[in-house]
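In what follows, a single structure is set out as structure tokens and then discussed.
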Ligand code: IMP
């Protein structure tokens, strides 16, 4: 199979502008707080590193890694924690920073795990929202862009672990 063609969906300039806007909004909302930004590995890291550098509010970062569910567990929405946060979040203002919300199952599960640790507050920020695919209602506080029901790559998102480095978000168009 030859190389696949990539069609740009969201340009680098569009992402830059939107990330700055989100950072300004978050900085305003957390003006008198020091939020802990929680990034879900690996897809969330590119968005996190850009977002945090546009924040004007003091903040901490932490990471979590979860297994992608296989089809058997997808229905229950159960995911396995591969690496947990490094710090206790009790009493903290936690902001989950995600790359994309698709079915919402992963995020719903993570949200409940984190809520059980009694943070002071828990909000969710996602760069991309693939709303049409939602299977469970998840409260999302900050959304970068809504995307259509297509497989997207770039800006942290992978296709078989590749293309995370693209500065834009694209859809893959398979060759004949
Ligand atoms: P959800 O549990 O169905 O919401 O999916 C969550 C995870 O699936 C995301 O954090 C991504 O890692 C992955 N994912 C969902 N849609 C896409 C896509 O279009 N491209 C790449 N990864 C995706």
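Since every read-out is calculated from the coordinates, none of them should be taken as a lab result. In this text, all values refer to a predicted model and were calculated from it rather than measured experimentally. Counting neighbours? That spans all protein chains shown, and the Cβs are built from the backbone with ideal geometry, glycine included.
Test of understanding: in a Gaussian network model of the chain with alpha carbons linked when under 10 Å, which of 83, 132, 116 would top the mean-square fluctuation ranking?
Between 83, 132, 116, it is 116 that shows the largest mean-square fluctuation.
Using Cβ contacts closer than 10 Å as the measure, can you line up 145, 47 from fewest to most? If you can, show how the numbers build up before the last one.
Working: 145 15, 47 25.
With the fewest neighbours first, 145, 47 line up as 145, 47.
Which value in deg cm²/dmol, rounded to the nearest 500, describes the helix-derived mean residue ellipticity at 222 nm for the chain, given -39,500 (n - 2.57) per DSSP H run of n ≥ 4 and division by the residue count? If you can, show how the numbers build up before the last one.
Details: 4 runs with 43 residues, N = 176.
My calculation for the chain gives -7500 deg cm²/dmol from helical runs alone.
Connecting C-alpha atoms closer than 10 Å in a GNM of the chain, tell me which of 149, 50, 32 has the biggest fluctuation.
32
Pairing the Cα long axis of helix 12-29 with the longest principal axis of the chain, what angle in degrees results, from 0 to 90 and rounded to the nearest 10?
With rounding to tens, the tilt is 20 degrees.
Which FRET efficiency value, to the nearest 0.05, do you get for residue 135 and residue 84 by plugging their Cβ-Cβ distance into 1/(1 + (r/R0)^6) with R0 = 41 Å? Walk me through the numbers before you get to the answer.
Values: r = 25 Å, r/R0 = 0.61.
The calculated FRET efficiency here is 0.95.
For the peptides 14-22, 104-112, 158-166, what is the packing order when you average, over each peptide's residues, the other Cβ atoms within 10 Å and list the highest mean first?
Numbers: 14-22: 15.8, 104-112: 19.6, 158-166: 12.8.
Going from most to least packed, we get 104-112, 14-22, 158-166.
Calculate the all-directions average of the projected area of the chain's alpha-carbon convex hull, and give it in nm². Could you put the intermediate results ahead of the total?
Values: hull surface 41.8 nm².
Here the figure is 10.5 nm², rounded to one decimal.
Using only the alpha-carbon atoms, how far is helix 45-54 inclined from the longest principal axis of the chain? Give it as 0 to 90 degrees, nearest 10.
Taking the Cα atoms of the chain, the angle to 45-54 is about 50 degrees.
Distance between Cα centroids, the stretch 1-62 to the stretch 75-139: provide it in whole Å.
One Cα centre to the other: 16 Å.
Who wins for biggest fluctuation among 78, 94, 152 in a Gaussian network model of the chain, springs between alpha carbons below 10 Å?
For the chain, modelled as a Gaussian network with Cα springs under 10 Å, the answer is 78.
Where both residues lie in the stretch 23-137, what percent of DSSP beta bridges are antiparallel, nearest 5? Before the final figure, lay out the partial values.
Working: 2 of 20 bridges.
Roughly 10 percent of the DSSP beta bridges within the stretch 23-137 come out antiparallel.
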